[in-house]
Structures are given as structure tokens and as C-alpha cells.
Amino acid sequence: MKVFHFILGKANKDRANGVNQVIAGLAKYSARNGAEVRVIGKAESADAEGEIVHRDGFDVRVYSRWSTALAGAVKDAVRWADVVHLHGTYAPWNFGVAALSRSVRTPHIITLHDGLAPERAERGKVKKRAYDAVIQRRHLSTASAIHVLTQEEGTDLLRFAPVNHVFCVPNGIDLEDYPRQPILQRTDLRHIGYLGRLSPEKNLDALCSAFVAVNGDRKLRLLLAGPVNPYGESLRTRYGQHGVELVGPKYGTEKTQFIRDLDLFVHPSLCDVFSIAAMEVLALGTPLLITRTSKVSYFADRCAFMMCEPTSYGLAAGLRDALSRKDQWPVISENGMKLISETLNWDVSASKLLNEYEAVIARNDEEGA
């Protein structure tokens, strides 16, 4: 099977861009499961047009700008492929690839990456509504299939546009990057943490407010890891005296150590699709408190994390509950590691996606017969 992914970026897993992290794992394990994979990325940092970046088991051909060279490479890849996989919703660059796929009858799949969550539409609402009405609905409804990462995301989709075929396969992490480690015994609690983009949709204001309400004696520290920006600086200005600290971006072994050293990790997002950061936390055995709106409720029966509402009140209640259950953390952490090793990893998810690709290709062949 020949699979073509078109993305922004270079599929570098050590970047904050979630799609790049996804492709780094998905393409690697798709190749290990027998697929031929091509990835073309658009990235301004390309050293030369058509630069080849070697990844684990696949290559990325990178272009810095839209050009006849990029258009020719995409056209060749679409004709070569058995299936084309596009990523994201508010991604105008995907329209041309989708149109080309339809013209040569190569089936194409779109992964939403939580792009249709109502909370995301609040930013640039007027423009997005116009975009949705004129372009987006047709773009999604003419895809060969839509890939959702959680069951809840499928509900967002079906409220938005009629589609013929939908399937759900979650993201994962690369188990080779997270070998099994002993679960730490956390006694003297000091550090609560978050890792990801420092941006309003991650609901960090509510997290900081909740932390202040819980940290009355100011013995705890809330460490926010991510590229520092004006929004992050505003959090430090407002909450720094209450124990909130910005610790900058964390990648690779530094990220792993940061997560392992935390006593509790909080993922406070208003909308998400069981983020890769949260999966990494589970794999490393750090206790996780995550909001229901991060679309994790279908895994709640695994008792692998603690869950709360995304409001300041809900996060404060969740923090108090999590801290009061410290004696249960080793069991919760063990369950989290098991959830990752059995379900939320790229070896499992890539295999499931390849099966879905085969079904899409077979359906496309039947319709063209």
C-alpha cells in the first residue's frame, strides 16, 4: 500500500506542532507495518526547495513556498499513491490536493485534529463561519473518509457537515521513546506542571486561578513549560507571586525529565483530542489530572487518570481531589502505563489506520468499477 501525507512542517517530533508529532509516529509505524510512505511538507525553514529530511523509516520532501516545483511534487505523489491523507480543517493548502485527488480518482482522507471543536471557532468567528459555509462543508463532504481521533470529535463533525464515511482511531506515542520505568513514590509534594502551547484555548487562566485557590500556603509551584510568549508573560505577571513559573520549552530528554520530576501533571484544555502530551505523561508514570473537555471520557473506565471540569472551580475541585488521593497514585499510574502500552501507541494506531485505508481503497475501487 502506498500512502501520501501532505503537511505543514518537517514531521519533527521535537516541535510543539501537533501534526508534525503525529506524522513522525504514524509514518514510522505505517512503514514498519508494510506501507510505502511519502511525506511532503511546506516549511519556511527548508534549506533548499525539495530538501530531503530523513526520518525514522521515511523521508520528508520539504519546500519553503508555494511554487511549480511543490505543485509538481504533489501531483506526482497523488498519482503514485493508493490513498492520500490530509491533516487539519482550516487548511486552504489542502483544497488543491483534494481536488487533484478527486480528478485522478485517488481516495483522500482528512484528519480533523479537533479543528471543528466549537471552542476553536470562537477565535475569528465571523471569518470562520464564512469559510465554513462557502468552502469547508463541501471540502469535508467530498472526502473519501473522515478520520476522527475521538468519539466525541465525531459528534462535532456530524453536527457540522454530512459525510459518507467516518472512522475513529486515536493518536498514540512511540513506545521506543518511552521505555518502561519504575513508578516513583511521591511523598513531599512540590511541583504541579503543564506542558504545551501557552495560549488562551489551553485554558491556562483557569488553571492558574484554580492553583491559586488551592495553594493557600504557597508550598506548591505550578510550572508551565512551553515557548514563552506575551500570553505566557501575562500569566507570570498576574500569578507569579502565587507560585506560577514559566520554565520555557522542553524537548527530547529534557521534556521527559521534566514530566518525570513533576508530582502531578494537569492538562486543563477547553478542547482537545487526548493530547499527545497527556499520553506522554501516562507513559512516564506521572499522575495526570485532565479535563473532560479534552475528550478523554471514553477511557475513564481504565482508571488511568483523574478527570475534572475545565472551569476554574472545576479545576480547583479536581486539584483538591487529586491531592487527597495521593495514596492511590501508584495504582492510577500503573493503569496509565497499561493504557499506553495496550492502546494509545503508534504501533497499534498505525495498524488500525492501515486497515481503514484498505477499506477506503476497496470502496473507491467498487465505486469506480
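The values are calculated or read from the model by the stated rules, or taken from the named source; none is laboratory data. Because the structure is predicted, anything quoted here is derived from the model rather than measured. As a convention, Cβ positions derive from the backbone with ideal geometry for all residues, glycine included, and neighbour counts pool all protein chains shown. Each accessible area value is taken on the protein alone, full model and side chains, heavy atoms only, with ligands, DNA and RNA left out. Shrake-Rupley method; radii C 1.70, N 1.55, O 1.52, S 1.80 Å.
The set of residues from region 1-43 being open to solvent by 30 Å² or more (accessible area, probe 1.4 Å) and either within 23 Å of L100 (Cβ to Cβ) or in contact with a Cys (Cβ under 9 Å, 6 or more places away or on another chain) (or both) comprises M1, K2, L8, K10, V19, E36, R38, K42. Scan region 47-68 for residues that are in a loop (DSSP other than H, G, I, E, B), closer than 22 Å to A27 by Cα and touching a residue at least 24 places away in the same chain (Cβ under 8 Å) and the total you get is 4. Evaluation of A71 against the conditions (1) assigned to a helix (DSSP H, G or I); (2) open to solvent by less than 50 Å² (accessible area, probe 1.4 Å) shows that the sole unmet condition is (2). Pairs are defined by a Cβ separation below 6 Å, a sequence spacing of at least 6 or placement on different chains, a first member in region 92-116 that is more than 26 Å from K127 (Cα to Cα) and surrounded by fewer than 18 Cβ atoms within 10 Å (Cβ to Cβ), and a second member that is at pLDDT below 95 and not basic (K, R); the pairs so defined are R105/G368.
When you look at E49, is it at pLDDT below 95, of a type outside the set (V, I, T), in contact with a helix residue (DSSP H, G or I) (Cβ under 6 Å, 6 or more places away or on another chain) and farther than 29 Å from V169 by Cα, yes or no? In short, yes. The set of residues from region 135-166 being open to solvent by less than 40 Å² (accessible area, probe 1.4 Å), of a type in the set (A, V, I, L, M) and closer than 19 Å to T106 by Cα comprises L140, A143, A145, I146, V163. Restricting the first member to region 167-195 and to residues that are farther than 14 Å from G25 by Cα and open to solvent by 30 Å² or more (accessible area, probe 1.4 Å), and the second to residues that are in a loop (DSSP other than H, G, I, E, B) and among the small types (G, A, S), the beta-carbon pairs closer than 6 Å and six or more apart or on different chains are I183/G285. Within region 215-225, the presence of at least one residue that is out of contact with any His (no Cβ under 7 Å at 6 or more places or on another chain) and under 19 Å from S275 (Cα atoms) is confirmed.
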